Amino acid sequence: MAFTYFFRDLQTLEAIRDFVLPDLKTKQYIDIWDAGCAMGQEPYSLSMLLNESMGHMYFRNLRILATDIDESNRFEEIIAKASYPEDLIQRIPKGIFSRHFTSGDEVGYYQLNEEIRKSVTFKKHDLLTLIPPESGFGLIMCKNVLLHFNDDQRLNVIKMFHDALAEGGFLALEQTQKLPLEAKHLFEPIVSNAQVFKKI
Ligand SMILES: C[S@@+](CC[C@H](N)C(=O)[O-])C[C@H]1O[C@@H](n2cnc3c(N)ncnc32)[C@H](O)[C@@H]1O
């Protein structure tokens, strides 16, 4: 269930960087919720990509809340340490890797630098409680999670995302996850090549 990798679905990450970030940068804080974050590959990929296109002052104001049901009870420790074995970091573009990783304590492990680590906080959270961990997010990203839910659960979770977003906030789903018909009035698409929407 927690299958993932760094820089998965680069097209969506780039759509966020190019079409969502300019809007988010006008706010004092950039609050992002990554729901179903697995062991940190997704929120850290987003953080690195945004770091590359934001000045240090802006980046200091980026906060990514990464949540997962985490049945293993191990994600908090793994994400806080952000030290990953060689086979997990293969897909990170070379320039980005060299700017943000250093050799870890253990042989064959590489650790993300503190600046990126500090931008992500993990919290254990079950989406099906339908109670968001916080509200007022500028962006909610939830990829490759909703496909495991039934139609009612999916719709209710998307409505919860709508409530948890700030006015004009954004929602990003995976490429193959279309918005259910019953939720189309809640969001407008902002790009044609990714499932990225703006709250109406
Ligand atoms: C396939 S991974 C997706 C990881 C990442 N978002 C991606 O797209 O690569 C699915 C994640 O959803 C989490 N998950 C499954 N059911 C959940 C629930 N009810 N609430 C929160 N997370 C859940 C799993 O623990 C797993 O880490």
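Some values worked out for this structure:
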| read-out | value |
| --- | --- |
| Matching residues in the range 126-137 - criterion: being surrounded by fewer than 21 Cβ atoms within 10 Å (Cβ to Cβ), near the ligand (Cβ under 10 Å from one of its atoms) and within 18 Å of Glu76 (Cα to Cα) | Asp126 |
| From Phe75, Phe59, residue being among the hydrophobic types (A, V, I, L, M, F, W, C), away from the ligand (no atom under 15 Å from the Cβ) and crowded, with 16+ Cβ neighbours inside 10 Å | Phe59 |
| Residue count for the range 11-26, restricted to those that are surrounded by 14 or more Cβ atoms within 10 Å (Cβ to Cβ) and either touching a residue at least 40 places away in the same chain (Cβ under 8 Å) or within 16 Å of the ligand (Cβ to nearest atom) (or both) | 9 |
| Residue within the range 118-128 that is small (Gly, Ala, Ser), modelled with pLDDT of 95 or more and in contact with a helix residue (DSSP H, G or I) (Cβ under 8 Å, 6 or more places away or on another chain) present | yes |
| Qualifying position, being within 20 Å of Ala38 (Cα to Cα) and within 16 Å of the ligand (Cβ to nearest atom), among Ile140, Ile116 | Ile140 |
| The range 45-59 residues that are on the phi < 0 side of the Ramachandran plot, paired with ones that are part of a helix (DSSP H, G or I) and polar (S, T, N, Q) (beta carbon under 6 Å, 6 or more apart) | Phe59/Asn51 |
| Cross-chain or 6+ apart pairs with Cβ under 6 Å, the range 69-91 first and within 21 Å of Phe149 (Cα to Cα), then in a loop (DSSP other than H, G, I, E, B) and not basic (Lys, Arg) | Ile69/Asp126 |
| Selection status of Asp68, of a type outside the set (Ser, Thr, Tyr) and within 11 Å of the ligand (Cβ to nearest atom) | yes |
| Cβ pairs under 7 Å, 6+ apart, first in the range 131-151 and over 15 Å from Pro180 (Cα atoms) and touching a residue at least 24 places away in the same chain (Cβ under 8 Å), second of a type in the set (Lys, Arg) and surrounded by fewer than 20 Cβ atoms within 10 Å (Cβ to Cβ) | Pro133/Lys123; Gly138/Lys27 |
| Subset of the range 167-199 [in contact with a strand residue (DSSP E or B) (Cβ under 8 Å, 6 or more places away or on another chain), assigned to a loop (DSSP other than H, G, I, E, B) and more than 19 Å from Arg154 (Cα to Cα)] | Ile190 |
| Extreme residue, farthest from Gly138 (Cα to Cα), among residues of the range 32-56 that are surrounded by 21 or more Cβ atoms within 10 Å (Cβ to Cβ) and acidic (Asp, Glu) | Glu42 |
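The values are calculated or read from the model by the stated rules, or taken from the named source; none is laboratory data. Values in this document were obtained by computation on a predicted structure and should not be read as measured data. Heads up, the Cβs are rebuilt from the backbone with ideal geometry, glycines too, and the neighbour counts pull from every protein chain shown.
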